[in-house]
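The values are calculated or read from the model by the stated rules, or taken from the named source; none is laboratory data. Every value quoted in this text rests on a predicted model; they were computed, and no experiment measured them. Cβ placement follows ideal geometry from the backbone for every residue including glycine, while neighbour counts extend to all protein chains displayed.
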């Protein structure tokens, strides 16, 4: 009886292993095929092209988007760059770095760069879009939220309940501002508000410069509110109401491309099976020492 069970388990293990190898082979084949197709397209693509850079989700790091923008900015066969926006914004510094690269392409490289807002182009994402030559938006898209937010969790009462005590040693009155184990003092609150107000002013100034508006006019609407694409058009926050296809056609026309333009995208490298399964760099999903230490107060151009 036990011998029969052992044989059953052996065949289960063999079958399971074979199935896993089959799935692995299928993913590998798809991965290689997709990347070969991308390589062939890049080698055999002739004629004028419009590059599409996706700005999706919460902006946590500028690295990927900035590298794609730099690549397309230096490609003479790319006549225009379209930033396809579907983001509520994100980190202040990350948004600003992408903004600076967009502005560099527009002003120094003199290459046309535009933004097409799909569902959401708010806060840091709108910050980035404001540096482009032209902003397109769907009629019902969500646009705006010019503001800064900082949030943290205070678990001081939880520590008391668990009869635990936070021990902090510091040099400098404001060194542990935002310590989640205690309430902030009035002086600390004022200190953080000063930082937030300064970042807000930078945001307003960037939008005013990019949209060629007066600082005071932008300040009047910089209250954190969002608007529909149609409302944003009336407020001169966007330039044209259209979908992505319409934005591509209008951009092609503006740079003298006749007929249907060739669209090119830069695929992110995926080096592991986990990357293929999760659709991105699996390291973004795993905790690191640096991520675990990021319990301090953060500042965001983010619509919530």
Go through the residues of segment 157-173 one by one and say whether even a single one is under 30 Å from the mean Cα position of the chain (by Cα) and in the same structural domain as residue 248 (by TED's automatic domain parsing). no
Pairs where the first residue, in segment 148-170, is closer than 16 Å to residue 183 by Cα and the second is modelled with pLDDT under 80 and assigned to a helix (DSSP H, G or I), C-beta under 8 Å, 6+ apart: 165/159; 166/156; 166/159
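Of the residues 239, 176, which is surrounded by 12 or more Cβ atoms within 10 Å (Cβ to Cβ) and either modelled with pLDDT of 90 or more or outside the structural domain of residue 107 (by TED's automatic domain parsing) (or both)?
239
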Out of everything in segment 154-173 that is surrounded by 13 or more Cβ atoms within 10 Å (Cβ to Cβ) and in a loop (DSSP other than H, G, I, E, B), what residue ends up being modelled with the highest pLDDT? 154
(1) in contact with a helix residue (DSSP H, G or I) (Cβ under 7 Å, 6 or more places away or on another chain); (2) part of a loop (DSSP other than H, G, I, E, B); (3) in contact (Cβ under 8 Å) with a residue 60 or more places away in the chain all hold for residue 182 apart from (3)
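For every residue, the table says whether it meets (1) assigned to a helix (DSSP H, G or I); (2) under 20 Å from residue 90 (Cβ atoms); (3) modelled with pLDDT of 55 or more.
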| site | (1), (2), (3) |
| --- | --- |
| 218 | yes, no, yes |
| 231 | yes, no, yes |
| 249 | yes, no, yes |
| 252 | yes, no, yes |
| 263 | no, no, yes |
| 269 | no, no, no |
| 276 | yes, no, no |
| 301 | no, yes, yes |
Before we move on, is residue 196 modelled with pLDDT of 95 or more, assigned by TED's automatic domain parsing to the domain that holds residue 101, within 22 Å of residue 303 (Cα to Cα) and part of a helix (DSSP H, G or I)? no
